[in-house]
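Before I ask anything, let me first share the structure, which is written out below as structure tokens.
Rule-based calculations on the coordinates, nothing more; no lab input. In this text, all values refer to a predicted model and were calculated from it rather than measured experimentally. So basically every Cβ, Gly included, is an ideal-geometry build from the backbone, and we count neighbours across all protein chains shown.
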Amino acid sequence: MGSCSAQGSANTCNSGATKRGGTFTYVLEKNIQQWNIQDTNGNTFENGEAIEVVLPMVFVPQPDFTVKLNTDLVTSATQTSTSPQTFVYKINPKASWNDGTPITADDFVYYWRTNNGKDCPPPPASDSTQTKGCLPQSTAGYDRIKSVTGSDSGRTVTVVMAKPFSDWKSLFGAGYPLYPAHVAEKTSGAAAGDAAHMSAAQMAKGWQYFQNNPPTKYATAGPYKMQQWVDNDHATFVPDPKWWGTTKPTLDRLIFKVITDATQEPVALKNNEVQGIYPQPEVDLVNQVKDIPKVTYSIGNGLTWEHFDLNLHNPVIGKYKALRLAMFTAIDIKDIMSKTVGQFDPKVKPLGNHNFVPGQAGYQDLVSGTGQGAGDLAKAKKYLTDARFTGVGTALKTPDGKSVGPFNCRYTTGNQIRQSECQILQSALGDLGIKITIKPIGAADLGTVLAGHKYDIVVFAWVASPFPSANAQQTWVTGGGGNYGGYSNKTVDSLIAQAIGETDAAKAASLLNQADKIMVGDAYVLPLYQKPTFLAVQSRFVNMRNNATNVGPPYNVAEWGLRK
């Protein structure tokens with residue numbers, strides 16, 4: 001039983017030469033409901049893991065939180081001017097989709113126009129099925145581009161910005177790969193190779209095509225191609241003979257197996273039904289894996305963080321800041337940790353920021369000093385009595401006499417830690433006179449529940465990219481693709497907009513922290529802790545690593561293989 005520590009060797013841990021052959025089965029913890037990772041509803045970690053095996057991106061987040069240029073796709077990506085800010089991408093002359101269509105500037109143009117929030121606008125609120133328009137998980141950066149043009153037979157891409165963008169390496173990648181523009185053009189009746197002139201309706205048709213169809217149905221460009229998708233069961237990948245990249249896969253086959261009950265993962269690993277698992281760690285699960293012979297595992301801390309979110313669309317929660325402050329102050333994060341993740345990761349600490357985790361430059365604890373997460377019942381009750389709530393500690397009522405609650409606390413089914421977190425919250429808020437019902441969410445339905453605001457309080461984790469400013473636009477700005485609870489503060493919007501355009505990283509971090517102080521005061525999301533990650537792999541395989549960013553371990557699947 002070996003362990004692979006992430007300190008200092010995050011990008012090289014478990015390295016080794018491979019030999020030909022073997023099948024590697026890796027666990028996905030949720031079913032994939034729709035296949036467009038760029039879409040708000042398709043933006044799940046599991047979808048990202050499956051899609052990145054077959055679709056290419058410009059910069060790839062690494063286990064040490066840096067990003068690396070994908071030279072199989074582009075031989076270079078450089079900023080050539082600051083006024084206006086301009087980037088030039090040289091596409092690898094060998095890069096092509098596996099139906100023989102070259103990868104060109106047209107693919108970049110299609111990506112930009114569907115993700116900028118303007119050319120393919122989001123569906124109207126009345127369209128609950130969201131079949132009209134594009135609903136990008138984030139417009140960050142794409143909404144600042146003035147033009148994307150191709151030259152040199154489309155192999156050189158020039159991007160000119162209307163406004164500067166600090167996190168430019170997040171464009172066209174960082175966990176959100178390129179989709180084949182020629183497939184979108186064909187399925188929508190647009191002219192081939194002319195993404196620049198597609199209508200909003202044509203782009204929306206292409207967008208939906210990628211939502212509804214697994215990548216078995218269209219041209220892809222990765223070391224593997226997806227041969228089969230069995231809904232709620234597994235995806236089978238085989239090496240793609242058309243792959244031009246430097247590293248050719250040595251595995252015969254790669255399988256992503258859906259197992260939504262985490263308690264079954266160690267069993268499957270022990271019985272050799274799967275060879276690699278990446279579950280959200282719980283104490284029993286970690287101990288079971290430690291007892292399995294010939295397995296290498298690592299516990300890491302990445303860009304994933306656990307949090308309670310309040311739904312500000314709920315009229316009572318949205319209206320009363322004093323209520324939200326009281327709720328967050330009554331919750332005891334240290335108690336939560338000691339009953340959950342602290343049992344197997346004694347180093348875990350409360351998280352004090354919404355934009356940075358410890359280990360990132362810019363991290364400051366802005367939460368602890370406010371008393372939020374301290375479990376300070378007296379202070380929590382004072383917020384309520386000062387704001388003229390009645391029934392404090394028994395049956396809470398608003399200043400105008402309306403009952404507060406009952407509220408639901410929602411978590412993904414089968415996740416023992418989150419169930420415990422809701423139970424601890426239930427008890428803490430019960431002490432304020434608020435009744436909480438605990439209501440699980442089906443393993444694959446988290447995206448739908450969040451986007452449809454079907455919760456009062458929800459506990460889940462953000463799996464962030466290494467780009468703090470771009471993440472902030474997605475999650476905190478009014479109307480952002482990940483701003484599910486309806487948070488809106490004009491000062492925060494303006495500070496984040498400044499951070500996004502600030503090319504000096506230290507100044508950008510300072511602006512984000514100014515915004516964060518205001519967000520803490522608004523009590524919309526309570527950060528709990530930087531979430532431990534846990535990768536366990538049979539030791540006869542090499543080059544699988546705990547990449548605790550939004551791309552996960554499959555960031556380097558071409559290198560996975562049997563130890564030579």
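What are the residues whose amide H is under 5 Å from the amide H of residue 438, where those residues sit 5 or more places off or on another chain and H is modelled from the backbone?
Close amide H contacts, sequence-distant or interchain: 409.
Related question: Please list, in order along region 353-362, the HN-Hα scalar couplings obtained from phi with the Karplus expression 6.51 cos²θ - 1.76 cosθ + 1.60 (θ = phi - 60°), rounded to whole Hz, x for Gly and Pro.
8, 9, 10, 9, 10, x, x, 9, 4, x
In whole Hz, what ³J(HN,Hα) sequence does region 293-305 give by Karplus (6.51, -1.76, 1.60; θ = phi - 60°), x for Gly and Pro?
These are the phi-based 3J(HN,Hα) values: x, 6, 10, 9, 9, 9, 9, x, 10, x, 8, 9, 9 Hz.
Continuing with the same structure: Could you give each residue of region 446-455 its phi-based ³J(HN,Hα) in whole Hz, using Karplus coefficients 6.51, -1.76, 1.60 with θ = phi - 60°, and x for Gly or Pro?
In residue order, the calculated couplings are 4, x, 5, 5, 5, 5, x, 6, 8, 7 Hz.
Okay, helix-only estimate at 222 nm for the chain: each DSSP H run of n ≥ 4 adds -39500 (n - 2.57), divide by all residues, round to 500 deg cm²/dmol; what do you get?
Taking each H run of at least 4 residues, the total per residue is -7500 deg cm²/dmol.
Using amide H atoms built in the peptide plane, which far-off residues or other-chain residues are under 5 Å from residue 332 H to H?
Close amide H contacts, sequence-distant or interchain: 375.
For the peptides 357-365, 223-231, 163-171, what is the packing order when you average, over each peptide's residues, the other Cβ atoms within 10 Å and list the highest mean first?
Packing order, densest peptide first, comes out as 163-171, 223-231, 357-365.
What do you get for trypsin sites (Lys or Arg not before Pro) in region 309-376 restricted to DSSP loop and a cutoff of at most 13 other Cβ within 10 Å of the site's Cβ?
347
Once the piece of chain linking residue 247 and residue 507 is laid out straight, how much longer is it, given 0.36 nm per residue of separation minus the C-alpha distance between them?
So the extension gain works out to 89.7 nm.
Work out the length of the dipole vector of the chain about its Cα centre, built from +1 on the beta-carbon of each Lys and Arg and -1 on the beta-carbon of each Asp and Glu, and round it to the nearest 20 debye.
260
Which trypsin sites (Lys or Arg not before Pro) does region 35-120 hold that lie in a coil by DSSP with at most 14 other beta carbons within 10 Å?
Within region 35-120, the qualifying trypsin sites (Lys or Arg not before Pro) (loop, at most 14 other Cβ atoms within 10 Å) are 94, 118.
Can I ask one more? Using +1 at the Cβ of each Lys and Arg and -1 at the Cβ of each Asp and Glu in the chain, identify which of 86, 254, 224 lies farthest towards the dipole's positive end.
Going by the charge dipole, the pick is 86.
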